[in-house]
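A.B. asks: Attaching a single structure in structure tokens format; questions to follow.
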Amino acid sequence: MLKEFAELSTPLIADACVRLGEELRVAPAGIASLVPGQRVAGRVLPARHYGSVDVFLEAFTRAEPGDVLVVDNAGRRDEACVGDLAVLEAEAAGVAGLVVWGLHRDTADLIEIGVPVFSYGRHSPGPVRVDAREPEALRSARCGDHLVTADDIVFGDEDGVVFVAEARVESVLETARVLFRTEREQARRIRSGETLRAQTGFGDYLARRDAEPSYTFRQHLRRIGGAIEE
């Protein structure tokens, strides 16, 4: 999956979801890669954290090569729930990366290990609690407003993290590739001296909007085949 994502980006994946009418599911703003430039793409391996690393170890017994551990720590900012040993064990299990709705620690070690980790950031203390475990602990994980399962694919890069239903991922990727090619061509033409306003017939759009106030630029772009937004 990471190979299919290689020339794409999470903005393109998000735009493709909007274009296709798919639910737009993104991790909360602020969740970012520990190491700039790292990317991740793979099947979601969900785990809800209750204060103990045992839930991760159990999740790894179900992992398939290339899975991405998605950790639900309820977005907590008072504890780090992932550290070097958990990430080393993830690597040993063939896990391609981690997306944490929460914080990490052992930053220097995680950088050395090299497995992509996306989180809100770093924090020294680990958990000092052990909460009751829910039956859904390894069936689903929440990341912000969105619930994800092993039926989802996760993509992460410098712009954030996006989740797509596995059943729809090929259509989303193909649409993202179309948008990528269109945007690259538009960028090439701008650099060659043809402004984006000229490319999109912006004067015609303004004239039609004056005559038809409900006419949107998004409708105009779809009519002419542009790809600036969605």
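A.B. asks: Sort ASP159, ASP204 by Cβ crowding within 10 Å, fewest neighbours at the top.
C.D. replies: Working: ASP159 15, ASP204 12.
Ascending Cβ contact count within 10 Å gives the list ASP204, ASP159.
A.B. asks: Dipole magnitude of the chain about its Cα centre, charges +1 at Lys/Arg Cβ and -1 at Asp/Glu Cβ only, in debye to the nearest 20?
C.D. replies: Values: 28 positive and 38 negative charges, 176 e Å.
Approximately 840 debye in magnitude.
A.B. asks: Here's something else I'd like to know. Which whole-number percent gives the relative contact order of the chain, counting Cα pairs below 8 Å spaced six or more residues apart?
C.D. replies: 27 percent
A.B. asks: Within 10 Å of each residue's Cβ, count the other Cβ atoms and sort HIS123, HIS104 from fewest upward.
C.D. replies: Result, fewest neighbours first: HIS123, HIS104.
A.B. asks: Another one. Based on a Kirkwood Rh over C-alpha pairs, give the Stokes-Einstein translational diffusion coefficient of segment 91-134 at 37 °C and viscosity 0.692 mPa s in µm²/s.
C.D. replies: Values: Rh = 12.0 Å.
Translational diffusion coefficient: 273 µm²/s.
A.B. asks: May I ask what percent, to the nearest 5, of DSSP beta bridges between residues of the chain are antiparallel?
C.D. replies: Antiparallel bridges make up about 55 percent of those DSSP assigns within the chain.
A.B. asks: Quick one: helix 169-191 against the long Cα principal axis of the chain, what's the angle to the nearest 10°, folded into 0 to 90?
C.D. replies: In the chain, helix 169-191 runs at an angle near 50 degrees to the longest axis.
A.B. asks: Which shape class, rounded, prolate or oblate, goes with segment 104-161 when its Cα gyration tensor gives a ≥ b ≥ c as root eigenvalues, a/c under 1.5 marks rounded, and past that a/b bigger than b/c marks prolate?
C.D. replies: Cα axes put segment 104-161 in the oblate bin.
A.B. asks: Moving to a separate point now. Using Cβ counts within 10 Å as a stand-in for footprinting exposure, how do VAL115, VAL172, VAL130, VAL68 rank, fewest first?
C.D. replies: Placing the least packed residue first, the sequence is VAL130, VAL115, VAL172, VAL68.
None of the figures in this text is laboratory data; all of them are computed from the coordinates on show. Note that the structure is predicted; figures quoted are calculated from it, not measured. Ideal geometry is used to build each Cβ from the backbone, glycine not excepted, and the neighbour counts take in all protein chains shown.
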